[in-house]
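Input: a single structure, listed below in structure tokens.
The values are calculated or read from the model by the stated rules, or taken from the named source; none is laboratory data. Quick caveat: nothing in here was measured; it's all calculated off a predicted structure. Every residue, glycine among them, receives a Cβ derived from its backbone with ideal geometry; neighbour counts consider all protein chains shown. Please note that ligands, DNA and RNA were not included when accessible areas were found on the heavy atoms of the full protein model with its side chains. Shrake-Rupley method; radii C 1.70, N 1.55, O 1.52, S 1.80 Å.
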Amino acid sequence: MAIMARTKIEKSELLFTNRYIFNLTLPLLIETILNVTIGMADTIMVSSAGEASVSGVSLVDSLANLFIFMLSAFATGGAVVATQYMGRQDKEHASSSAKQLIQLAFISALACSLILLLGQDFMMDLVFGSIEPDVDAAASGYFLPIVASLPFLAVLNSANAISRSMGRSRITMVVALIMNTINISGNALFIYVFRLGATGAGIASLISRIIASAIMLTVLYNRNLPIHISKVFKPSLEAPMVRRILRIALPSGVENSIFQIGKILTMSIITSIGTAAITANAVMNSIATVTNIPGTAINMAAVTIVGQCCGAGKYDQAEYYAKKLLGVTYLMLLAISVLIFVFMEPIIGLYNLGPESHALTREVVVMILVQTAIFWPPAFSIPNYLRAAGDVKFPMYVSIASMWIFRVTLARILGLNFSMGLMGVCWAMYIDWYARLLFFIPRFKSGRWKTKRVI
């Protein structure tokens, strides 16, 4: 699928070698696998307590993700600012942006946690309406520890983004391994030994996030690193730097939040279809997350590479590397989609589904594998390159419009009015993807993103 012509550039002038890109991306790939394993482990291990627990975890995650993705915008904003300062070789301002980022992320996440804890019943009823009693019980038990973990997760994501902006992806990989090990061990203890079900999975996630965030803060206190922090617990927000971060973070945050609101509204449609649809959707999302691992990892690497090129004023190289990374993303997503298709039956079997849920899950998984291999890269990688360059408003406008017009409105029409059920909801999502790429490809080719300035 030839999307864009190759950028001509002198190889001797390139800022990054293939070895550097490989050494940056491989740890991110491993880290992403480990992070995804946490979510899958929760779902698979909780499934031993029944389908109601799987559904409860899925519902809470869809609500918590609204705030998690909103808060992740701070990590994105801070990473873009720090990365561009690194490209300019301005380590002092890069370190200043890192400290501001962590403090902003923690304060914002703490506020979100308090709002969620105080309004738990109201929000659950508002978003999901009437759900089956056993699903509601599982969701309530999982809710508290997950919400309590948000401030620690915000600090962890911010610290990870800072480390990647330096090209130190191996550090975040090791911490992800530690967090993954703690989470899996905690799941085994709280779910199988103490029989806490969904609540146990939430507690394990909380503990793992607390420890991982503490480790990453300790790492960033190392003054030998190009970007480091000090006295992070002493509030010292600087208005100019905060504005730079928010200039990237706010549009990304608005986009992420509305995107997640759309997903929650879509989930409310799925809940009205029945438990089998909820369960099949949860399993499909877990498998889709695994399928997207290469794309997610390469997108994280792209922030560092494209961001540093833009910070150095070398926009021709930013374009060159963006196209190169897009090609690699296509190859890897195709390979993993084929691999998962081959082993699809034993993978689905891990979830202990009933006959109805199993049949529906198989149908939607086949579809998402095909769609991901063809349409995911231009729909989700290209806007990531635009954000790394500081072009954040255009992706926001496109994503919001496409979400509401297609993923939400069309999902209700196809899923309920046309009685297509979960398959109708899935088709609405893919049409949303098609709309996104029809805007993002021309935007990238136009070069207008090269006129944006972050620092």
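Looking only at residues of the stretch 217-238 that are touching a helix residue (DSSP H, G or I) at 6+ places or on another chain (Cβ under 9 Å) and among the hydroxyl-bearing types (Ser, Thr, Tyr), we find that the one that is modelled with the highest pLDDT is 230. Filtering 407, 436 for residues that are modelled with pLDDT of 95 or more and on the phi < 0 side of the Ramachandran plot leaves a single hit, 436. Answer yes or no as to whether residue 338 is open to solvent by 30 Å² or more (accessible area, probe 1.4 Å), under 18 Å from residue 276 (Cα atoms) and modelled with pLDDT of 95 or more. Spelling it out, it is not the case that residue 338 is open to solvent by 30 Å² or more (accessible area, probe 1.4 Å), under 18 Å from residue 276 (Cα atoms) and modelled with pLDDT of 95 or more. Only residues that are of a type in the set (Val, Ile, Thr) and surrounded by fewer than 20 Cβ atoms within 10 Å (Cβ to Cβ) were counted across the stretch 193-206, and they come to 1.
Among residues of the stretch 92-115 that are touching a residue at least 24 places away in the same chain (Cβ under 8 Å), those with a beta-carbon under 6 Å from a residue that is outside any helix (DSSP H, G or I) and of a type outside the set (A, V, I, L, M) at least six positions away or on a different chain give the pairs 95/228. Within the stretch 104-120, is even one residue open to solvent by less than 20 Å² (accessible area, probe 1.4 Å), part of a loop (DSSP other than H, G, I, E, B) and out of contact with any helix residue (DSSP H, G or I) (no Cβ under 8 Å at 6 or more places or on another chain)? Checked against the condition, which is being open to solvent by less than 20 Å² (accessible area, probe 1.4 Å), part of a loop (DSSP other than H, G, I, E, B) and out of contact with any helix residue (DSSP H, G or I) (no Cβ under 8 Å at 6 or more places or on another chain), the stretch 104-120 yields at least one hit. For residue 284, the criteria (1) open to solvent by less than 10 Å² (accessible area, probe 1.4 Å); (2) within 29 Å of residue 391 (Cβ to Cβ) hold in every case but one, which is (2). Among the criteria (1) touching a residue at least 60 places away in the same chain (Cβ under 8 Å); (2) more than 23 Å from residue 264 (Cα to Cα), the one residue 359 does not fulfil is (1).
Residues in the stretch 295-313 that are under 20 Å from residue 22 (Cα atoms) and open to solvent by 10 Å² or more (accessible area, probe 1.4 Å): 296, 299, 300, 303, 308. Residues that are open to solvent by less than 10 Å² (accessible area, probe 1.4 Å), within 17 Å of the chain's Cα centre (by Cα), modelled with pLDDT under 95 and closer than 14 Å to residue 210 by Cα: does the stretch 164-173 have at least one? No, that holds for no residue. Return yes or no: is residue 214 open to solvent by 30 Å² or more (accessible area, probe 1.4 Å), farther than 30 Å from residue 50 by Cβ, in a helix (DSSP H, G or I) and at pLDDT 95 or above? Judged against the criteria, residue 214 is a match. Within this structure, residue 229 passes the test of being open to solvent by less than 10 Å² (accessible area, probe 1.4 Å) and not in a helix (DSSP H, G or I). Criterion applied to 380, 439 was being open to solvent by 10 Å² or more (accessible area, probe 1.4 Å) and either over 17 Å from the mean Cα position of the chain (by Cα) or among the charged types (D, E, K, R) (or both), and the one residue passing it is 439.
Looking only at the stretch 348-371, decide whether some residue is within 23 Å of residue 73 (Cα to Cα), open to solvent by less than 10 Å² (accessible area, probe 1.4 Å) and in contact with a helix residue (DSSP H, G or I) (Cβ under 8 Å, 6 or more places away or on another chain).
Taking the stretch 348-371 and keeping what is within 23 Å of residue 73 (Cα to Cα), we get none.
No, that holds for no residue.
Going by the structure shown, is residue 367 at pLDDT below 95 and among the aliphatic types (A, V, I, L, M)? Against the criterion (at pLDDT below 95 and among the aliphatic types (A, V, I, L, M)), residue 367 does not qualify.
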